[in-house]
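Take a look at the structure below.
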Amino acid sequence: QVQLVESGGGLVQAGDSLGLSCAATPRTFSIYGMAWFRQAPGREREFVAAIGRTGISTNYADSVKGRFTISRDNAKNTAYLQMNTLRPEDTSIYYCAARSWSYSLTQDDYAYWGQGTQVTVSS
C-alpha cells in the first residue's frame, strides 16, 4: 500500500512560480513511477508530468512543457513539481499518483493517488 500526501498549493499571480511536493510511504518509493495530474472545475482530470523510478526519464503535457519540471528524491520518498511562469489556465487541483515500476501517461494505470492540492493563478 502506498500513501501519497501533496503539499505546496496556493494562490499566486500570473507569471509567478510555485513548487508542489508529494510525500510517499512506504520506503519502497523508488520502485514506483510517479506522475502529476490536474483537474480544473468542470473539466476532466488531465496528465501534467511523469517521472520514472530513477528520475532520469520524464514526460510532460504539451501545455506545461518548458514551464514545469518534475523531479524526485528517492532518499526522501518525495516527488516534486516545480511550476514556473504560471498562467490562469493552470488553475486546478493537482494530484500526484504512483504505480509500480514504469510511469504512464494514463490516469487509469495509476493505483495510488494523493488527496490533491489547490493551485489558483490570478490574472
- Query: Pairs under 6 Å by beta carbon, first residue touching a residue at least 12 places away in the same chain (Cβ under 8 Å) in region 29-58, partner surrounded by 21 or more Cβ atoms within 10 Å (Cβ to Cβ) and part of a loop (DSSP other than H, G, I, E, B), six or more apart or different chains?
  - Reply: G33/Y103; A35/Y103; V48/V64; A50/Y103; G52/Y103
- Query: Just wondering, is there one or more residues in region 111-121 that are open to solvent by less than 30 Å² (accessible area, probe 1.4 Å), over 21 Å from Q3 (Cβ atoms) and either of a type in the set (K, R) or within 13 Å of the chain's Cα centre (by Cα) (or both)?
  - Reply: yes
- Query: What do you reckon, is R72 modelled with pLDDT of 95 or more, of a type outside the set (S, T, Y) and farther than 16 Å from A35 by Cβ?
  - Reply: no
- Query: Of the residues in region 48-100, how many are closer than 19 Å to V121 by Cα, open to solvent by less than 50 Å² (accessible area, probe 1.4 Å) and either in contact with a helix residue (DSSP H, G or I) (Cβ under 6 Å, 6 or more places away or on another chain) or charged (D, E, K, R) (or both)?
  - Reply: 2
- Considering every residue within region 88-95, establish whether at least one is part of a strand (DSSP E or B) and modelled with pLDDT under 95. no
- Message: Checking Q1 against (1) part of a strand (DSSP E or B); (2) closer than 17 Å to W101 by Cβ, only one condition comes out false. Which one?
- Response: (1)
- Members of region 96-123 that are assigned to a strand (DSSP E or B) and over 22 Å from V12 (Cα atoms): A97, A98, R99, S100, Y112, W113
- Item | Residue list for region 14-46, filter: farther than 14 Å from E89 by Cβ, over 14 Å from the mean Cα position of the chain (by Cα) and either aliphatic (A, V, I, L, M) or assigned to a strand (DSSP E or B) (or both) | T25, I31
- Task: Residue by residue through region 4-24, note down the ones that are open to solvent by 70 Å² or more (accessible area, probe 1.4 Å) and closer than 23 Å to R99 by Cβ.
- Result: V5
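The values are calculated or read from the model by the stated rules, or taken from the named source; none is laboratory data. Just so you know, these numbers come straight off a predicted model, no measurement behind them. We place every Cβ from the backbone using ideal geometry, glycine too, and count neighbours over all the protein chains shown. Just the protein is used for accessible areas: all its heavy atoms, side chains included, with ligands, DNA and RNA removed. Shrake-Rupley method; radii C 1.70, N 1.55, O 1.52, S 1.80 Å.
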